[in-house]
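Input: a single structure, listed below in structure tokens.
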Amino acid sequence: GDPLSLSDWQRAEPDAIMIINTNFFSPDNTILGLLISDGQIFGQSYTNRGGTFAVQNGVAAVRANRTQPYQGEPLEQAVQAFPLLVENGQAAYFNQGDTEINRRTLIAQDTEGRILIMATPFLGLSLTDLSAYLPTTDLNIVTAFNLDGGGSTMMAVSDMDYSIPSFDRVPAILAVYPRE
């Protein structure tokens, strides 16, 4: 509920090697969808739309909420957002009326099980075009979903000294830490 800028989040999470915005949120900064932080549950799970990034027993995965909805299983970490962009390696979002070009953030999993986190620094693609584009790359994406983008798009990668500051302060992030 306490929105922060990218630099504020970096100060709050100094050991993070990557920070990116996550869930959509309401005007009062309440996150929408499910967020689980160190096992503590916030929000209500989406079931028939979007995706979930979850860490269970130390294993990270990206899943489609239509086919693998959250059912109360113990998760260490989780974030949700929508729409689902790629499912089973194929485009999954087909709203031809959704032509708005905007900054985008997304999280994906490839055929090797690797988690891919991406953000567009300037104007990106429409969600329909992004969904169509991702399966055509050499990234071998199996599942991907959109995180809150637009003015909320933020990313920092510390070892590359790379950052995309958001226009809006955001109440929730995904912070990535080095393995011990």
Answer in debye to the nearest 20: the dipole magnitude of the chain about its Cα centre, from +1 Lys/Arg and -1 Asp/Glu charges placed on Cβ, is 340
Want the number for residue 41 to residue 2: 0.36 nm per residue separation, take away the alpha-carbon distance, what's left? 12.4 nm
Residues of the stretch 1-41 with amide nitrogen under 11 Å from the 7 Å Cα-to-Cβ point of residue 60? 17-20
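For a quick check of your reading of the filter: which chymotrypsin sites (Phe, Trp or Tyr not before Pro) in the stretch 39-132 sit in a DSSP loop and have no more than 14 other Cβ atoms within 10 Å?
94, 122
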Phi to ³J(HN,Hα) by Karplus 6.51 cos²θ - 1.76 cosθ + 1.60 over the stretch 75-85, Hz, x for Gly, Pro: 10, 7, 9, 6, 9, 10, 6, 7, x, 5, 9
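Which value at 222 nm does the chain reach when only helices count, each DSSP H run of 4 or more adding -39,500 (n - 2.57), with the total divided by all residues and rounded to the nearest 500 deg cm²/dmol?
Numbers: 2 runs with 14 residues, N = 180.
Taking each H run of at least 4 residues, the total per residue is -2000 deg cm²/dmol.
Would you tally the net charge around residue 103, using a Cβ to Cβ cut-off of less than 13 Å, leaving residue 103 out, and scoring K and R as +1, D and E as -1?
Details: positive: 104; negative: 100, 148, 168.
Around residue 103, the surrounding residues sum to -2.
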Taking only the alpha-carbon positions of the stretch 1-111 as identical scatterers, the Debye log10 I(q)/I(0) at q = 0.11, 0.19, 0.22, 0.23 Å⁻¹ comes out as -0.39, -1.16, -1.43, -1.50
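Can you tell me the FRET efficiency between residue 177 and residue 122 if r is taken as the Cβ-Cβ distance and R0 is 30 Å, rounded to the nearest 0.05?
Working: r = 28 Å, r/R0 = 0.94.
The pair residue 177/residue 122 has a calculated efficiency of 0.60.
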Under 11 Å from a label point 7 Å along Cα→Cβ of residue 67: give me every residue in the stretch 129-149 with its amide N that close. 142-144
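Can you give the local net charge around residue 36? Use residues other than it whose beta-carbon is closer than 13 angstrom to its beta-carbon, Lys and Arg +1, Asp and Glu -1.
Working: positive: none; negative: 38, 73, 76.
It works out to a net charge of -3.
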For the chain, whose charge dipole is built from +1 on Lys and Arg Cβ atoms and -1 on Asp and Glu Cβ atoms, the candidate among 51, 105, 91 with its Cα farthest towards the positive end is 91
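Net charge near residue 158, counting Lys/Arg +1 and Asp/Glu -1 over other residues with Cβ under 11 Å of its Cβ? Intermediate results must be reported in sequence, preceding the final value.
Details: positive: none; negative: 13, 15, 159, 161.
Its environment carries a net charge of -4.
Does the stretch 97-179 classify as rounded, prolate or oblate by the C-alpha gyration tensor (a ≥ b ≥ c root eigenvalues; a/c under 1.5 gives rounded; else a/b over b/c gives prolate, otherwise oblate)?
Values: a/c = 1.92, a/b = 1.05, b/c = 1.82.
Since a/c reaches 1.5 but b/c is at least a/b, the shape of the stretch 97-179 is classed as oblate.
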Of the GluC sites (Glu not before Pro) in the stretch 37-137, which ones lie in a loop per DSSP and count no more than 14 other C-beta atoms within 10 Å? 100, 112
Spin-label pair residue 139/residue 12, simplified geometry with 7 Å Cα→Cβ offset, distance in nm: 2.6
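Bear in mind that the values in this text are calculations on the coordinates, not laboratory data. Since the model is a prediction, treat every value here as computed from it, not as a measurement. FYI the Cβ positions are ideal-geometry reconstructions off the backbone, even for glycines, and counts take in every protein chain you see.
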